[in-house]
1. If we keep just the residues of the range 52-63 that are closer than 17 Å to Gly18 by Cα and touching a helix residue (DSSP H, G or I) at 6+ places or on another chain (Cβ under 9 Å), which is surrounded by the fewest Cβ atoms within 10 Å (Cβ to Cβ)?
2. Just need a number here: residues in the range 51-67 that are within 14 Å of Thr2 (Cα to Cα), touching a Pro at 6+ places or on another chain (Cβ under 9 Å) and in contact (Cβ under 8 Å) with a residue 24 or more places away in the chain.
3. Here is a list of conditions, (1) aliphatic (A, V, I, L, M); (2) touching a helix residue (DSSP H, G or I) at 6+ places or on another chain (Cβ under 9 Å); (3) at pLDDT 95 or above; (4) not in a loop (DSSP other than H, G, I, E, B), and Ile75 meets all of them except one; can you say which number that is?
4. Gly41 - would you say it is of a type outside the set (Ser, Thr, Tyr) and either more than 20 Å from Met1 (Cβ to Cβ) or in contact (Cβ under 8 Å) with a residue 40 or more places away in the chain (or both)?
5. When the range 1-51 is examined, which residues are found to be assigned to a helix (DSSP H, G or I), among the aliphatic types (A, V, I, L, M) and surrounded by 15 or more Cβ atoms within 10 Å (Cβ to Cβ)?
6. Residue check, Ser70 against (1) within 12 Å of the chain's Cα centre (by Cα); (2) within 16 Å of Thr2 (Cβ to Cβ), all met but one. Which one?
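The values are calculated or read from the model by the stated rules, or taken from the named source; none is laboratory data. What you are looking at is a predicted structure, and each value in this text was computed from that prediction instead of being measured. Because the Cβ atoms are built from the backbone with ideal geometry, glycine has one as well, and the counts that use them run over all protein chains shown.
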Amino acid sequence: MTDDFVRNRITQLRLQKGVSEYQMSYDLGHSRGYIYNISSGKSLPPLSELFAICDYFGITPAEFFDDSISNPELIRKAVEGMKQLDDGDQLMILNHINRLMKK
């Protein structure tokens, strides 16, 4: 992982969430330029702040660093929803996923 990965991942997740750099900075309790400084390469968040950023996006640090998942918050919501279904409904959804993957 590189510094650029962290910056780009924050930007990707922020855009998916539909918030501005200013709004995200404000939501995290920082000055208006905090996220801009990260995105522009002027700084990187310390580890404790990276955890807060993960919480902000509703993802785990592992999901943050897994670039094979383009929208980890969406995947997490789907998994949480699946946990509430009975086995038959879970199997039905799995069959739909398998059918869609064949296309």
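1. Looking only at the range 52-63, we keep the residues that are closer than 17 Å to Gly18 by Cα, and these are 53-59.
Those left that are additionally touching a helix residue (DSSP H, G or I) at 6+ places or on another chain (Cβ under 9 Å): 53-54, 56-59.
Values: Ile53: 21, Cys54: 19, Tyr56: 16, Phe57: 20, Gly58: 14, Ile59: 20.
Selected residue: Gly58.
2. Within the range 51-67, residues that are within 14 Å of Thr2 (Cα to Cα), touching a Pro at 6+ places or on another chain (Cβ under 9 Å) and in contact (Cβ under 8 Å) with a residue 24 or more places away in the chain number 1.
3. Looking at each condition in turn, Ile75 falls short on (3).
4. no
5. Narrowing the range 1-51 to residues assigned to a helix (DSSP H, G or I): 3-17, 21-27, 34-39, 47-51.
Remaining after also requiring among the aliphatic types (A, V, I, L, M): 6, 10, 13, 15, 24, 35, 38, 47, 50.
If the condition is that a residue be assigned to a helix (DSSP H, G or I), among the aliphatic types (A, V, I, L, M) and surrounded by 15 or more Cβ atoms within 10 Å (Cβ to Cβ), then Val6, Ile10, Leu13, Met24, Ile35, Ile38, Leu50 are the ones that fit.
6. With respect to (1) within 12 Å of the chain's Cα centre (by Cα); (2) within 16 Å of Thr2 (Cβ to Cβ), Ser70 is out only on (2).
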